[in-house]
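Please treat every number below as a calculation from the coordinates, not as lab data. Source: prediction; values computed, not measured. Glycine gets a Cβ as well: all are built from the backbone with ideal geometry, and neighbour counts include every protein chain shown.
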Amino acid sequence: MLRRKIQEESHRDRWLVSYADFITLLFAFFVVMYSISSVNEGKYKVLSETLEGIFNVRQTTMKPIQVGDEAARAEYPLEGDELIRPIPTSPEEINEKRKPEPDDVLEQIAGEFSESFNDLVFDDQVEVQLLDEWLEVSLKDQVIFQSGGVEPADNAFPIIQTIARVLRDHKNGILVEGHTDNFPIRSEKYQSNWELSAARAATFVQYLAIEGIEEPRMVAAGFGEFRPLARNDTPAGRTKNRRIVLLISRTTDVHQALLN
């Protein structure tokens, strides 16, 4: 009877074993969680300073990995997502940056001539015409030369100085043509209109050279009466045919431009 009573009491206290196991596991769980949540401040500070130094270091290579436009990035270094282009500092670099594209040079020169010779253009003494490969500036002979010779007219030098001032800032080749009418010349110095036209073209080239235009840029040619713009049987037609024509090439080599 006593033995049976002891067995019943032992079965009644078995829940204490399970409870003790649960408490032990719970204690172990909190110990693990606490160890995970604890941070070593010294090691954390060392890691933070290392990462900061890596991300803040300046780029030391001049040839980073090429991405995108390889030709453009090969010319200039990178900074972020943009190309670093050098800022011009010398007067030569500044003037080079200000230069227009080659296709716009003749248009710029034409505009400067039209503005400079506004009154003469209005009086039909100067004509400015933009062609495909040339800029043509035609001047009536009486605004440059005296009748029948190569002596300068009264207002010739201001006109030549203006032309030289415009062309001095460019490198385009220049062809100067002399043209006359078909009226027979009466001069002891020139035997034909052809000689007179060639002499006028050469004289005009010399005037431009005196004003600072480089001689290798220029070519002089005389055409006499053989390329008229109008009929030579009227005074108005002969006046139109007597002229000096400047042809400004799109390129620097006027000889090559003539061959093309």
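Asp124 sits among other residues whose Cβ lies under 12 Å from its own Cβ, and their net charge, with Lys and Arg +1 and Asp and Glu -1, is 0. Which of rounded, prolate, oblate describes the range 154-260, given a ≥ b ≥ c as roots of the alpha-carbon gyration tensor eigenvalues and a/c under 1.5 marking rounded, otherwise prolate only if a/b is larger than b/c? Prolate. The charge dipole of the range 101-259, taken about its Cα centre with unit charges on the Cβ atoms of Lys, Arg (+1), Asp and Glu (-1) only, comes to about 660 debye.
Going toward the positive end of the dipole of the range 206-260, with +1 on Lys and Arg Cβ and -1 on Asp and Glu Cβ, which of Ala209, Val254, Asn241 do you reach last? Of the options given, the answer is Asn241.
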